[in-house]
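The values are calculated or read from the model by the stated rules, or taken from the named source; none is laboratory data. Computed from a predicted model, the values in this text were never measured in an experiment. So basically every Cβ, Gly included, is an ideal-geometry build from the backbone, and we count neighbours across all protein chains shown.
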Amino acid sequence: MTFEQSMLSDCLEQLVKQFPQYSKLEQQKILESVRSLVVEPKTISRARPLEDVLADIREAIEDGGRAETFFTTAFSNWYRRTEEPRVAHLHDYINLDFKNRHLFMEMMSLRDSGRFDDEALYQFEQYCLDKMGCNG
């Protein structure tokens with residue numbers, strides 16, 4: 001455990017002990033502060049390499065479950081508009097864990113830098129379509 005992790009653990013332990021002593025209003029303010037630190041998605045301050053983002057999305061897809069369904073449809077819709085729309089239920093974003101929510105935001109910003117490999121994006125779209133059973 002690092003020094004920082006130890007300090008965090010001590011602070012959380014103290015907060016748990018002291019929490020019942022606060023008024024309901026103070027408890028709500030504390031919870032709002034904690035939620036903003038833990039739950040709210042973090043902004044993307046520095047773009048990771050496209051290959052790393054696609055590898056992480058592929059890993060989430062291969063792990064299956066809700067992330068597989070969400071990312072295969074969301075990526076293929078994000079990459080290319082088609083005559084027959086592929087339905088990505090963005091409501092399902094709420095069912096993703098926080099790592100995958102952040103990964104979705106990274107996916108949405110892949111083209112923002114202007115330095116992206118369109119062939120890699122195309123190949124990844126084909127992978128997603130295969131997973132969805134749309135290529136064949």
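Couple of notes before you dig in:
- Cβ-Cβ under 8 Å pairs, at least 6 apart or on other chains, segment 31-49 side modelled with pLDDT of 75 or more, far side of a type in the set (S, T, Y): A47/S109; A47/S113
- Only one of the numbered conditions (1) under 17 Å from A67 (Cβ atoms); (2) surrounded by 12 or more Cβ atoms within 10 Å (Cβ to Cβ); (3) not polar (S, T, N, Q) is not met by R80, and that is (1).
- Considering D56, D117, D97, the condition of being of a type in the set (D, E, K, R), over 30 Å from L8 (Cα atoms) and not assigned by TED's automatic domain parsing to the domain that holds S9 is satisfied by D117 alone.
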